[in-house]
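Student: Handing you this structure, nothing more for now.
Rule-based calculations on the coordinates, nothing more; no lab input. Here the structure is a predicted model, which is why all the values come from computation and not from measurement. Note that each Cβ is placed from the backbone with ideal geometry, even for glycine, and that neighbours are counted across all protein chains shown.
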Amino acid sequence: MAALLSHVSVDSHDAHAQSLFWGAVLGWADDPADPNETGDEECMVFSPDGRQRLLFIEVPEGKSVKNRLHLDLRPATGTRDEELPRLLELGAVLLEDRRRGDGSGWYVLGDPEGNEFCLLVSEAERAASR
């Protein structure tokens, strides 16, 4: 017996703005039958196959400390260093550069509301370093 993960919920100041940011980062979209709109207090984005979901829920409190849970991302194509400028253009902020001299390591970024996430090397980069 096991439990199934339905979705990951993220407390947000602006659920709609967060859904737009993360939808663009991940290539995910809202449900066309129930689109996310400005002012919605809950906004969900779905992976292309619909199996993974992020739900952004508006809460009155602001973020005050480091996340207890964060997302680790790998570029779908290209390299970690090629993906960074795209994420910054979308509104991410570089918080820390944890790359190592051997090409391993990661970037720590913040989303528009300051939630930390990491950008790791791509699968192709990992395979090439073995």
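Student: Return the single residue from GLU61, GLU83, GLU42 with maximal mean-square fluctuation; model: Gaussian network over the chain, springs between Cα atoms under 10 Å.
Tutor: Largest GNM mean-square fluctuation: GLU61.
Student: Relative to the present Cα-Cα distance, how much length would full extension add between ARG126 and ALA3 at 0.36 nm per residue of separation?
Tutor: 41.2 nm
Student: Once both axes come from the Cα atoms, what is the angle between helix 80-90 and the longest principal axis of the chain, in degrees from 0 to 90, rounded to 10?
Tutor: With rounding to tens, the tilt is 30 degrees.
Student: Restricting the count to DSSP beta bridges whose residues both fall in the chain, what percent are antiparallel, rounded to a multiple of 5?
Tutor: Close to 70 percent.
Student: What FRET efficiency comes out for the pair ASP102/GLU41, r = Cβ-Cβ distance, R0 = 35 Å, nearest 0.05?
Tutor: With R0 = 35 Å, the Cβ-Cβ based efficiency is 0.15.
Student: Next question, about the same structure. Stretch ALA24-GLN52 to full length: gain in nm at 0.36 nm per residue minus the Cα-Cα span?
Tutor: 8.6 nm
Student: Let me ask something else about it. Could you work out which residue, out of ASP11, ASP49, ASP97, moves most in a Gaussian network model of the chain, that is, has the largest mean-square fluctuation with Cα springs under 10 Å?
Tutor: Among ASP11, ASP49, ASP97, the largest mean-square fluctuation in the Gaussian network model of the chain belongs to ASP49.
Student: Based on the alpha carbons, how large is the Rg to Rh ratio for region 1-62 when Rh follows Kirkwood?
Tutor: With Rh from the inverse mean 1/r over Cα pairs, Rg/Rh is 1.00.
Student: Of [x] 0.95; [y] 1.03; [z] 1.12, which is the value of Cα Rg over 2.2 N^0.38 Å derived from the coordinates here?
Tutor: Read-out from the structure maps to [z].
Student: Here is a further query. Using a Gaussian network model on the chain with a 10 Å cutoff between Cα atoms, which of VAL108, VAL93, VAL65 fluctuates the most?
Tutor: Highest fluctuation of the listed residues: VAL65.
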